[in-house]
Amino acid sequence: MSEVGQRDSFITRKLRDAPAAVFNMYAVFFAFWTYFCMYAFRKPFAAAKYTDMEGFSVGDRVLELKTALIISQIIGYALSKFLGIKICSEVTKERRATMLIGLILIAQLALLLFAFLPAHWKVLPMFINGLALGMVWGLVVWYLEGRRTSELLLAGLSCSFILASGEVKQVGQDLLNGTSLKMFNVLHLPIQFSQVSEDWMPFYTGMLFLTPFVLSVLMLHQVPDPSVADVESRTKRVQMQHDVRFAFMRKFFPGLVMLLIAYFFLTAYRDFRDNYMPELFSELGYSYDENKGIITQTEQIVSFGVLMPLALLFLIKDNRRGLIAVFGIMSFGVALMAVSTWLFDQGVITGFAWMIATGLGVYLAYVPYGSVLFDRLIASTRVVATAVFAIYVADAIGYVGSVGLQLHKDLGAASTTRLGFFHGFTYFMAGLGLVMLLLSCGYFLTFHVPRRSSPGNGNTEQ
């Protein structure tokens, strides 16, 4: 047995020899719950309105406190993405689990600070919270990328944040109302608190998910490295030092610019919809108090609609066709945003159906950036890289767009309702996104390198 093999745990050795179905279920389950639990430290505060607390005066405009909290967290999150370009690209496997647990503890301590500080000072712990959480995604993706079933694994992981956003907000709302905790509209947890204040609700929500997070990380850390067959199919993924990162950016710069322009606005759109869903549904005529599970129900439908096409991509063995399929799904997503908005304007579909359709559309376009797009792009071009690096370059740019949109809405378009702003931005995002995605697809296909099989293997990728 090799030295590496001697250091492997019992679970790791069993997973290495396990049938593919068993390995896939194990990896998806613990990756899903790791990131799902992370959202309990990031999003619960969005369930509160903070309308009783004074906002910030900016000239003759007022920046609402909730908007300021969201922006502060996103700034920290965006800065974390810039730091993650280096840190997550270079981190070794041995340090991943320790980093994940350490980052979540920092985020939880920030929520404790949030509970104690007065209103205007709450932006500071939200910034620290975002700064800690921004690198969690990349550390989790490291365990899943570069495998023949990466699309399946990453699709399962991606469902975590689509579902988690609504679920942890529901937990937060239950804490605020003093009702028994519910998840997925069917699971009633045997836990009930007296009414928790808006100050303390984020901290209590995080505490509920802290132990499950740590356990999920420890189990995810048992996943073995990609096999020889995985490496032959998808190329070897290694830590990227500065010179390798620079070479990657220089080689694909025009195509990456087009992808990043689309992602800049996609992230802003996705975050706006996610952070203000209670307000959007209220303006559509759906009372949040009377339809408590409406956000959860919406995101459950969206997550299923996103999971299926992305998971099925692993069936496409040819990396060129796989890359085309990824771009096809993303282009369909942005087109769906425009078509569904037009149907809503014509009175053909309800506001509830429109919110589902815009969610499905934006996530079909948005999710591949953080999962299958760069994994398949690297496999197609056979370039020395890791998807984690490309993901963090995109995220760093994308969350800058999210901050800009939040500021523009409250300071530059204050007279426009959130629903009206969201409606107009949908058409803009769909048009720009479709053009950028189609152009970048054509660009990256010119770099495709066929994968020649090993001697004795009759399969050759054309």
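The values are calculated or read from the model by the stated rules, or taken from the named source; none is laboratory data. Since this is a predicted model, take the numbers as computed values, not measurements. Neighbour counts are summed over all protein chains in view; Cβ atoms, including those assigned to glycine, are modelled from backbone coordinates with ideal geometry.
When the residues of region 317-358 are narrowed to those that are basic (Lys, Arg) and out of contact with any helix residue (DSSP H, G or I) (no Cβ under 7 Å at 6 or more places or on another chain), which ends up modelled with the lowest pLDDT? I'd like the intermediate steps shown before the answer.
To start, the set of residues in region 317-358 that are basic (Lys, Arg) comprises 317, 320-321.
Now narrow it down to the ones that are out of contact with any helix residue (DSSP H, G or I) (no Cβ under 7 Å at 6 or more places or on another chain): 317, 321.
Details: 317: 84, 321: 93.
Once the filter is applied, the top-ranked residue is 317.
Of all residues in region 432-448, those satisfying the criterion of being in a helix (DSSP H, G or I), more than 15 Å from residue 268 (Cβ to Cβ) and not aromatic (Phe, Trp, Tyr) are 434, 435, 437, 438, 439, 440, 441, 442, 445. Given the criteria surrounded by 23 or more Cβ atoms within 10 Å (Cβ to Cβ) and assigned to a helix (DSSP H, G or I), does residue 340 qualify? Taking the combined requirement at face value, the residue satisfies it.
Scanning region 173-214 for residues that are at pLDDT 85 or above, surrounded by 14 or more Cβ atoms within 10 Å (Cβ to Cβ) and of a type outside the set (A, V, I, L, M) yields 198, 199, 200, 202, 203, 204, 205, 206, 209, 212, 213.
Answer yes if at least one residue in region 263-276 is within 24 Å of residue 381 (Cα to Cα), of a type outside the set (S, T, N, Q) and touching a Ser or Thr at 6+ places or on another chain (Cβ under 8 Å), and no otherwise. Taking every residue of region 263-276 in turn, none turns out to be within 24 Å of residue 381 (Cα to Cα), of a type outside the set (S, T, N, Q) and touching a Ser or Thr at 6+ places or on another chain (Cβ under 8 Å). Within region 225-240, being surrounded by fewer than 16 Cβ atoms within 10 Å (Cβ to Cβ) and modelled with pLDDT under 75 holds for 236, 238, 239.
Out of the helices (runs of 4 or more DSSP H) lying entirely within region 78-184, which hold 1 or more residues that are of a type in the set (Val, Ile, Thr) and free of Cβ contacts under 8 Å to residues at least 40 places away in the same chain? Steps first, please.
Numbers: elements: 93-116, 123-133, 136-141, 150-177.
Per the criteria, 93-116.
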